[in-house]
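Some notes on the structure that comes next.
Derivation of every value follows stated rules applied to the coordinates shown; laboratory data play no part. Just so you know, these numbers come straight off a predicted model, no measurement behind them. In this analysis, Cβ positions are derived from the backbone assuming ideal geometry, glycine residues included, and neighbour counts consider all displayed protein chains.
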Amino acid sequence: MVVVRRPMRNWRGLAVALAAALLALAAIAGAHAQDVPRLKERVTDETGVIENLSRVEDAIDDLERDHNVQLWVLFVETTGSETVTGYADAVAAANSFGGNDALLLVAIEDRSDALWVGEMLDEVTDDEIDDLLTSELEPRLADGDFEAAIAELEVLAGAQTQKV
């Protein structure tokens, strides 16, 4: 059997078909990625572990009133295949966080957490954030005292840099 190949006359058609195939593959891959939520409330608990929401909201209100830090809290089951810091960055970007915003992300099933801070909170060093997470937040999370863990984020208080 002899196969005769004709020269490709329609490169544009091939490019369109290839682009469509790549888009279809990207859509399939994206369907498996963890969705990044749009936060409507300062506390979003997709896991149901926070029992005393008013304690958490009071701590968040105090932090904002006393130190002008707008803390957002997100509890998820998992970040999927994304790292916790990558997921925190994606949540912050999707919600247009910046300035004096801070995001505490806790992934219960993954047993991981991250604290994302806006550019106006640059007085808080990475070492201070790491110390806060390892010495204050994570032991309380491990004990299941989620409300106390959130209330301990007072280290952000030293980060107030808003210019009035």
Rounded to one decimal in nm, the spacing of the 7 Å Cα→Cβ label points at residue 85 and residue 40 is 3.3 nm
Computed on Cα atoms, Rg of the range 61-127 relative to 2.2 N^0.38 Å comes out at 1.12
